[in-house]
Amino acid sequence: MNPTTNQQPDRRTRYAAAMAVRDGDTWPTQYESDEQDYLRRADAAIALADAEQADLRSYEQRLREQHDLDVAEVRRLRDELSEYEVMNPQQCPAGKHADWLVDSERTHACPWCEIERLKSATK
Ligand SMILES: [Zn+2]
């Protein structure tokens with residue numbers, strides 16, 4: 001491989017050459033003044049591209065931080081869910097009250113029936 005064709009032109013030259021080719025010119029250009037003009041324009045384009053890239057990197061960083069927070073929240077919620085998944089459903093034997101969950105396999109008395117019983121017993 002020819003070592004001269006293997007060399008990557010610097011960024012400024014790549015931008016200048018791309019603009020020259022886009023204009024239908026050659027690179028290198030026929031006239032030195034045209035080449036200097038494309039290089040000057042390349043400096044402006046590079047400055048804008050660098051600013052845009054800085055904005056994108058900043059945005060990417062914020063997205064990564066938000067992603068890490070979201071992943072942590074999902075883990076927390078999954079841990080919380082796993083505490084409920086081991087619970088057993090309980091039903092009011094009288095069929096009067098809402099179902100509820102207990103964290104043991106033992107059947108519990110309906111708390112609402114118990115409240116009613118205790119309230120009526122203390123009147
Ligand atoms: Zn009940």
If Ala109 meets every condition in (1) within 14 Å of the ligand (Cβ to nearest atom); (2) surrounded by 12 or more Cβ atoms within 10 Å (Cβ to Cβ) apart from one, which number is that one? (2)
Kindly indicate whether Ser33 is assigned to a helix (DSSP H, G or I) and loosely packed, with under 10 Cβ neighbours inside 10 Å. yes
Tell me whether region 41-57 contains one or more residues that are more than 30 Å from Val21 (Cβ to Cβ) and either more than 16 Å from the ligand (Cβ to nearest atom) or not assigned by TED's automatic domain parsing to the domain that holds Val21 (or both). no
Would you mind finding the one in Ala72, Ala54, Ala42 that is part of a helix (DSSP H, G or I), at negative phi, in contact with a Lys or Arg (Cβ under 7 Å, 6 or more places away or on another chain) and surrounded by 10 or more Cβ atoms within 10 Å (Cβ to Cβ)? Ala42
Selection within region 75-100 - surrounded by fewer than 12 Cβ atoms within 10 Å (Cβ to Cβ), aliphatic (A, V, I, L, M) and away from the ligand (no atom under 14 Å from the Cβ): Leu77, Leu81, Val86
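The values are calculated or read from the model by the stated rules, or taken from the named source; none is laboratory data. Predicted model only: the values in this text are computed from it and were never measured. We place every Cβ from the backbone using ideal geometry, glycine too, and count neighbours over all the protein chains shown.
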